[in-house]
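Participant: Can you read through this structure? Questions will come right after.
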Amino acid sequence: LMGYVGFANLPNQVHRKSVRKGFQFTAMVVGESGLGKSTLVNTLFNTTLYPPKVPLAPSEERPKTVAIESIGADIDENGVRLHLTVVDTPGFGDFVNNDDSWRPIVENIESRFDSYLEQENRVNRSKIVDNRIHACLYFIQPTGHSLKQLDIEVMRRLHTKVNLIPIIAKADTLTDEEVLQFKQRVLSDIAYHNIQIFQAPTYENEDEETIAEAEEIASKIPFAVVGSDQPIQTPDGRIVRGRVYPWGVVEVDNEDHCDFVKLRQMLVRTYMEELREYTNDVLYENWRTEKLLSMGV
Ligand code: GDP
Ligand code: MG
(Lines give C-alpha, C1' and ligand atoms only; values in the text may rest on other atoms or scores of the structure.)
(Ligands and ions follow the chains in the order given, each with its own letter.)
Protein backbone atom coordinates (compact mmCIF):
# COMPACT_ATOMS: atom_id res chain seq x y z
CA LEU A 1 0.00 0.00 0.00
CA MET A 2 2.72 2.45 -0.92
CA GLY A 3 1.52 5.98 -1.28
CA TYR A 4 -1.66 5.19 0.62
CA VAL A 5 -1.37 7.82 3.24
CA GLY A 6 -4.33 10.07 3.87
CA PHE A 7 -6.87 7.71 5.32
CA ALA A 8 -4.38 5.63 7.19
CA ASN A 9 -3.45 8.62 9.28
CA LEU A 10 -6.87 9.83 10.23
CA PRO A 11 -7.71 9.39 13.88
CA ASN A 12 -9.09 5.86 14.05
CA GLN A 13 -12.56 6.76 15.14
CA VAL A 14 -13.14 9.31 12.40
CA HIS A 15 -11.60 6.95 9.92
CA ARG A 16 -13.85 4.02 10.81
CA LYS A 17 -16.96 6.14 10.75
CA SER A 18 -16.15 7.69 7.41
CA VAL A 19 -15.32 4.36 5.88
CA ARG A 20 -18.58 2.87 7.08
CA LYS A 21 -20.72 5.74 5.83
CA GLY A 22 -18.73 6.24 2.67
CA PHE A 23 -17.61 9.64 1.52
CA GLN A 24 -19.35 12.16 -0.65
CA PHE A 25 -16.83 14.24 -2.53
CA THR A 26 -17.65 16.85 -5.14
CA ALA A 27 -15.19 18.63 -7.38
CA MET A 28 -15.91 21.34 -9.94
CA VAL A 29 -13.97 22.30 -13.05
CA VAL A 30 -13.85 25.97 -14.04
CA GLY A 31 -12.02 27.96 -16.71
CA GLU A 32 -12.12 29.33 -20.21
CA SER A 33 -13.67 27.16 -22.86
CA GLY A 34 -11.48 24.86 -24.89
CA LEU A 35 -8.95 24.20 -22.13
CA GLY A 36 -9.83 20.53 -21.74
CA LYS A 37 -12.16 20.63 -18.72
CA SER A 38 -14.68 18.12 -20.03
CA THR A 39 -11.89 15.89 -21.27
CA LEU A 40 -10.28 15.92 -17.84
CA VAL A 41 -13.57 15.02 -16.19
CA ASN A 42 -13.69 12.00 -18.47
CA THR A 43 -10.08 11.21 -17.68
CA LEU A 44 -10.73 11.37 -13.93
CA PHE A 45 -13.54 8.88 -14.27
CA ASN A 46 -11.50 6.76 -16.61
CA THR A 47 -13.78 7.53 -19.55
CA THR A 48 -16.57 5.14 -18.76
CA LEU A 49 -18.76 7.70 -17.16
CA TYR A 50 -19.23 10.49 -19.53
CA PRO A 51 -19.39 8.97 -22.98
CA PRO A 52 -20.48 11.16 -25.85
CA LYS A 53 -24.16 10.45 -26.42
CA VAL A 54 -23.37 9.43 -29.96
CA PRO A 55 -19.79 8.19 -30.49
CA LEU A 56 -17.76 10.98 -32.05
CA ALA A 57 -16.43 10.47 -35.54
CA PRO A 58 -12.64 10.85 -35.55
CA SER A 59 -12.83 14.29 -37.11
CA GLU A 60 -15.47 15.57 -34.73
CA GLU A 61 -14.83 17.71 -31.71
CA ARG A 62 -16.41 17.11 -28.35
CA PRO A 63 -19.49 19.33 -28.21
CA LYS A 64 -19.17 22.48 -26.16
CA THR A 65 -20.46 22.31 -22.62
CA VAL A 66 -23.43 24.67 -22.57
CA ALA A 67 -24.84 24.15 -19.09
CA ILE A 68 -23.59 23.21 -15.65
CA GLU A 69 -23.73 19.40 -15.56
CA SER A 70 -22.68 16.95 -12.94
CA ILE A 71 -21.44 13.43 -13.33
CA GLY A 72 -21.14 11.05 -10.43
CA ALA A 73 -20.07 7.53 -9.66
CA ASP A 74 -19.33 5.28 -6.74
CA ILE A 75 -15.71 4.42 -6.76
CA ASP A 76 -13.66 2.26 -4.48
CA GLU A 77 -10.41 3.86 -3.51
CA ASN A 78 -8.28 1.27 -1.73
CA GLY A 79 -11.21 -0.14 0.17
CA VAL A 80 -12.83 3.19 0.89
CA ARG A 81 -16.23 3.71 -0.65
CA LEU A 82 -16.48 7.08 -2.27
CA HIS A 83 -19.23 8.80 -4.16
CA LEU A 84 -17.35 11.12 -6.46
CA THR A 85 -19.19 13.85 -8.33
CA VAL A 86 -17.61 16.23 -10.78
CA VAL A 87 -19.44 19.36 -11.81
CA ASP A 88 -18.57 20.47 -15.32
CA THR A 89 -19.18 24.12 -16.18
CA PRO A 90 -19.47 25.89 -19.52
CA GLY A 91 -16.29 27.75 -20.36
CA PHE A 92 -16.30 31.47 -19.95
CA GLY A 93 -14.37 34.02 -21.92
CA ASP A 94 -16.30 33.53 -25.14
CA PHE A 95 -18.18 36.78 -24.95
CA VAL A 96 -17.33 40.35 -25.84
CA ASN A 97 -18.25 41.27 -22.31
CA ASN A 98 -17.09 38.67 -19.79
CA ASP A 99 -17.74 40.76 -16.70
CA ASP A 100 -20.31 38.40 -15.27
CA SER A 101 -18.93 35.07 -16.42
CA TRP A 102 -18.28 34.06 -12.82
CA ARG A 103 -21.88 34.63 -11.73
CA PRO A 104 -23.56 31.30 -12.63
CA ILE A 105 -20.62 29.47 -11.08
CA VAL A 106 -20.81 31.38 -7.80
CA GLU A 107 -24.58 30.92 -7.77
CA ASN A 108 -24.16 27.19 -8.19
CA ILE A 109 -21.66 27.02 -5.32
CA GLU A 110 -23.88 29.09 -3.04
CA SER A 111 -27.05 27.17 -3.83
CA ARG A 112 -25.23 24.06 -2.60
CA PHE A 113 -24.42 25.87 0.67
CA ASP A 114 -28.07 26.88 0.86
CA SER A 115 -29.25 23.33 0.45
CA TYR A 116 -26.84 22.17 3.18
CA LEU A 117 -28.03 24.89 5.56
CA GLU A 118 -31.61 23.97 4.88
CA GLN A 119 -30.88 20.33 5.74
CA GLU A 120 -29.05 21.33 8.92
CA ASN A 121 -32.13 23.22 10.05
CA ARG A 122 -34.40 20.22 9.67
CA VAL A 123 -35.61 18.33 12.68
CA ASN A 124 -34.14 15.10 11.38
CA ARG A 125 -30.53 15.76 10.52
CA SER A 126 -29.40 12.18 10.35
CA LYS A 127 -29.46 11.97 6.58
CA ILE A 128 -27.72 15.12 5.43
CA VAL A 129 -26.52 14.90 1.85
CA ASP A 130 -23.39 16.93 1.34
CA ASN A 131 -23.40 18.30 -2.20
CA ARG A 132 -21.09 21.20 -1.45
CA ILE A 133 -18.13 21.77 -3.76
CA HIS A 134 -15.06 20.46 -1.94
CA ALA A 135 -12.51 21.34 -4.59
CA CYS A 136 -12.53 23.67 -7.57
CA LEU A 137 -10.06 22.86 -10.31
CA TYR A 138 -9.27 26.15 -12.00
CA PHE A 139 -7.92 25.72 -15.54
CA ILE A 140 -5.25 28.15 -16.73
CA GLN A 141 -4.36 28.48 -20.38
CA PRO A 142 -0.76 27.35 -21.01
CA THR A 143 0.36 30.71 -22.39
CA GLY A 144 3.68 30.89 -20.58
CA HIS A 145 2.84 34.50 -19.71
CA SER A 146 1.18 35.98 -16.68
CA LEU A 147 -2.35 35.21 -15.55
CA LYS A 148 -5.12 36.89 -17.51
CA GLN A 149 -7.17 39.65 -15.93
CA LEU A 150 -10.29 37.53 -16.32
CA ASP A 151 -8.72 34.60 -14.46
CA ILE A 152 -7.63 36.86 -11.64
CA GLU A 153 -11.14 38.28 -11.33
CA VAL A 154 -12.88 34.93 -11.42
CA MET A 155 -10.48 33.37 -8.93
CA ARG A 156 -11.01 36.28 -6.58
CA ARG A 157 -14.76 35.70 -6.76
CA LEU A 158 -14.30 32.04 -5.97
CA HIS A 159 -11.50 31.84 -3.43
CA THR A 160 -13.62 32.63 -0.37
CA LYS A 161 -16.18 30.00 -1.33
CA VAL A 162 -14.20 27.00 -2.53
CA ASN A 163 -10.85 25.32 -2.19
CA LEU A 164 -9.17 26.60 -5.35
CA ILE A 165 -6.74 24.23 -7.01
CA PRO A 166 -4.98 25.83 -9.97
CA ILE A 167 -4.33 23.63 -12.99
CA ILE A 168 -2.14 24.33 -15.99
CA ALA A 169 -4.24 23.02 -18.86
CA LYS A 170 -2.89 21.13 -21.87
CA ALA A 171 0.56 20.85 -20.38
CA ASP A 172 1.62 18.78 -23.39
CA THR A 173 1.82 22.00 -25.38
CA LEU A 174 4.71 23.27 -23.22
CA THR A 175 8.21 21.87 -22.78
CA ASP A 176 9.28 20.64 -19.33
CA GLU A 177 11.31 23.78 -18.86
CA GLU A 178 8.39 26.00 -19.87
CA VAL A 179 6.09 24.15 -17.46
CA LEU A 180 8.45 24.83 -14.55
CA GLN A 181 8.78 28.50 -15.42
CA PHE A 182 5.08 28.96 -15.98
CA LYS A 183 4.29 27.30 -12.64
CA GLN A 184 6.51 29.84 -10.88
CA ARG A 185 4.90 32.65 -12.81
CA VAL A 186 1.39 31.52 -11.96
CA LEU A 187 2.25 31.09 -8.27
CA SER A 188 3.78 34.53 -8.01
CA ASP A 189 0.78 36.12 -9.78
CA ILE A 190 -1.54 34.30 -7.40
CA ALA A 191 0.42 35.54 -4.40
CA TYR A 192 0.64 39.07 -5.79
CA HIS A 193 -3.12 39.29 -6.25
CA ASN A 194 -3.79 37.81 -2.81
CA ILE A 195 -5.65 34.86 -4.24
CA GLN A 196 -6.03 32.13 -1.69
CA ILE A 197 -5.43 28.67 -3.11
CA PHE A 198 -5.71 25.40 -1.23
CA GLN A 199 -2.66 24.94 0.96
CA ALA A 200 -1.73 21.33 1.25
CA PRO A 201 -1.18 20.89 4.97
CA THR A 202 2.26 19.88 6.12
CA TYR A 203 2.59 17.45 8.95
CA GLU A 204 5.17 17.46 11.68
CA ASN A 205 4.55 14.40 13.78
CA GLU A 206 4.17 11.98 10.93
CA ASP A 207 6.30 9.27 9.49
CA GLU A 208 8.79 10.10 6.78
CA GLU A 209 6.73 8.56 4.03
CA THR A 210 3.70 10.74 4.83
CA ILE A 211 5.79 13.89 4.97
CA ALA A 212 7.50 13.00 1.71
CA GLU A 213 4.18 12.43 -0.03
CA ALA A 214 2.73 15.70 1.26
CA GLU A 215 5.80 17.62 0.09
CA GLU A 216 5.76 15.90 -3.26
CA ILE A 217 2.15 16.90 -3.88
CA ALA A 218 2.63 20.47 -2.64
CA SER A 219 5.61 20.85 -4.99
CA LYS A 220 3.45 20.06 -8.03
CA ILE A 221 0.91 22.84 -7.49
CA PRO A 222 -0.25 24.23 -9.90
CA PHE A 223 -0.69 20.79 -11.41
CA ALA A 224 0.28 20.59 -15.07
CA VAL A 225 -2.21 18.18 -16.59
CA VAL A 226 -2.89 16.39 -19.83
CA GLY A 227 -6.29 14.92 -20.48
CA SER A 228 -7.28 12.25 -22.97
CA ASP A 229 -10.10 9.82 -23.21
CA GLN A 230 -8.58 8.07 -26.20
CA PRO A 231 -6.45 4.99 -25.67
CA ILE A 232 -3.36 5.14 -27.85
CA GLN A 233 -0.43 2.88 -28.57
CA THR A 234 3.11 3.79 -27.54
CA PRO A 235 6.08 3.03 -29.81
CA ASP A 236 6.95 0.10 -27.52
CA GLY A 237 3.45 -1.34 -27.94
CA ARG A 238 1.70 -0.41 -24.70
CA ILE A 239 -1.89 0.85 -24.78
CA VAL A 240 -2.14 3.98 -22.64
CA ARG A 241 -4.26 7.06 -22.24
CA GLY A 242 -2.43 9.88 -23.93
CA ARG A 243 -1.87 12.14 -26.88
CA VAL A 244 0.19 11.41 -29.96
CA TYR A 245 2.67 13.83 -31.49
CA PRO A 246 5.08 13.48 -34.39
CA TRP A 247 7.89 13.53 -31.82
CA GLY A 248 6.33 11.02 -29.48
CA VAL A 249 3.55 10.16 -27.09
CA VAL A 250 2.48 12.04 -23.97
CA GLU A 251 1.06 9.64 -21.39
CA VAL A 252 -1.61 10.88 -18.99
CA ASP A 253 -0.75 8.34 -16.30
CA ASN A 254 3.02 8.73 -16.49
CA GLU A 255 4.30 10.95 -13.69
CA ASP A 256 7.32 11.90 -15.78
CA HIS A 257 5.00 13.36 -18.41
CA CYS A 258 2.43 15.31 -16.39
CA ASP A 259 0.88 15.77 -12.93
CA PHE A 260 -2.44 14.02 -13.57
CA VAL A 261 -1.67 11.11 -11.24
CA LYS A 262 -0.65 13.47 -8.43
CA LEU A 263 -3.78 15.57 -8.91
CA ARG A 264 -6.06 12.57 -8.71
CA GLN A 265 -4.17 11.24 -5.72
CA MET A 266 -4.54 14.56 -3.94
CA LEU A 267 -8.28 14.70 -4.54
CA VAL A 268 -9.45 11.22 -3.76
CA ARG A 269 -6.75 10.02 -1.38
CA THR A 270 -4.26 12.23 0.31
CA TYR A 271 -6.21 15.41 0.95
CA MET A 272 -9.83 14.46 0.48
CA GLU A 273 -10.55 14.68 4.19
CA GLU A 274 -8.73 18.01 4.52
CA LEU A 275 -10.60 19.45 1.54
CA ARG A 276 -13.91 18.38 3.03
CA GLU A 277 -12.99 19.71 6.45
CA TYR A 278 -11.85 23.11 5.21
CA THR A 279 -15.01 23.42 3.14
CA ASN A 280 -17.17 22.68 6.16
CA ASP A 281 -15.25 24.38 8.95
CA VAL A 282 -14.09 27.52 7.19
CA LEU A 283 -15.68 28.22 3.79
CA TYR A 284 -19.20 27.10 4.61
CA GLU A 285 -19.04 28.46 8.15
CA ASN A 286 -18.01 31.94 6.92
CA TRP A 287 -20.73 31.93 4.29
CA ARG A 288 -23.31 30.81 6.83
CA THR A 289 -22.34 33.46 9.39
CA GLU A 290 -22.52 36.17 6.76
CA LYS A 291 -25.86 34.91 5.53
CA LEU A 292 -27.41 34.78 8.99
CA LEU A 293 -26.06 38.24 9.84
CA SER A 294 -27.48 39.68 6.65
CA MET A 295 -30.83 38.17 7.55
CA GLY A 296 -30.64 39.83 10.95
CA VAL A 297 -30.70 36.50 12.78
P1 GDP B 1 -13.55 22.44 -22.38
O2 GDP B 1 -14.20 23.45 -23.23
O3 GDP B 1 -12.63 23.09 -21.38
O4 GDP B 1 -14.49 21.48 -21.73
O5 GDP B 1 -12.55 21.61 -23.32
P6 GDP B 1 -12.79 20.16 -24.00
O7 GDP B 1 -12.57 19.07 -23.00
O8 GDP B 1 -14.07 20.18 -24.72
O9 GDP B 1 -11.54 20.10 -25.01
C10 GDP B 1 -11.33 21.07 -26.01
C11 GDP B 1 -10.31 20.52 -27.02
O12 GDP B 1 -9.02 20.38 -26.44
C13 GDP B 1 -10.67 19.14 -27.56
O14 GDP B 1 -10.30 19.09 -28.93
C15 GDP B 1 -9.78 18.20 -26.76
O16 GDP B 1 -9.46 17.00 -27.45
C17 GDP B 1 -8.54 19.04 -26.56
N18 GDP B 1 -7.83 18.70 -25.32
C19 GDP B 1 -8.39 18.33 -24.13
N20 GDP B 1 -7.42 18.09 -23.21
C21 GDP B 1 -6.24 18.32 -23.83
C22 GDP B 1 -4.87 18.25 -23.39
O23 GDP B 1 -4.55 17.93 -22.25
N24 GDP B 1 -3.91 18.56 -24.33
C25 GDP B 1 -4.23 18.93 -25.60
N26 GDP B 1 -3.23 19.21 -26.44
N27 GDP B 1 -5.50 19.01 -26.04
C28 GDP B 1 -6.50 18.71 -25.17
MG1 MG C 1 -16.57 21.53 -21.65
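The values are calculated or read from the model by the stated rules, or taken from the named source; none is laboratory data. Just so you know, these numbers come straight off a predicted model, no measurement behind them. Every residue, glycine as well, gets a Cβ built from its backbone with ideal geometry; the counts of neighbours run over all protein chains shown. The area values use the complete protein model at the heavy-atom level, side chains included, leaving out ligands, DNA and RNA. Shrake-Rupley method; radii C 1.70, N 1.55, O 1.52, S 1.80 Å.
Participant: Tell me which residues, restricted to segment 172-188, are in contact with a Phe, Trp or Tyr (Cβ under 8 Å, 6 or more places away or on another chain) and either farther than 10 Å from Thr143 by Cα or in a helix (DSSP H, G or I) (or both).
Facilitator: Within segment 172-188, just Asp172 meets the criteria.
Participant: Any residue at all in segment 152-171 that is open to solvent by 10 Å² or more (accessible area, probe 1.4 Å), modelled with pLDDT of 95 or more and touching a Pro at 6+ places or on another chain (Cβ under 6 Å)?
Facilitator: yes
Participant: Determine whether Val244 is open to solvent by less than 20 Å² (accessible area, probe 1.4 Å) and at pLDDT 90 or above.
Facilitator: no
Participant: Would you mind stating whether Leu56 is within 16 Å of ligand 1 (Cβ to nearest atom), part of a loop (DSSP other than H, G, I, E, B) and modelled with pLDDT of 90 or more?
Facilitator: When the stated conditions are applied, Leu56 does not pass them.
Participant: Please state which of the following conditions Val250 fails to meet, knowing it meets all the rest: (1) in contact (Cβ under 8 Å) with a residue 60 or more places away in the chain; (2) away from ligand 1 (no atom under 16 Å from the Cβ).
Facilitator: Val250 satisfies every listed condition except (2).
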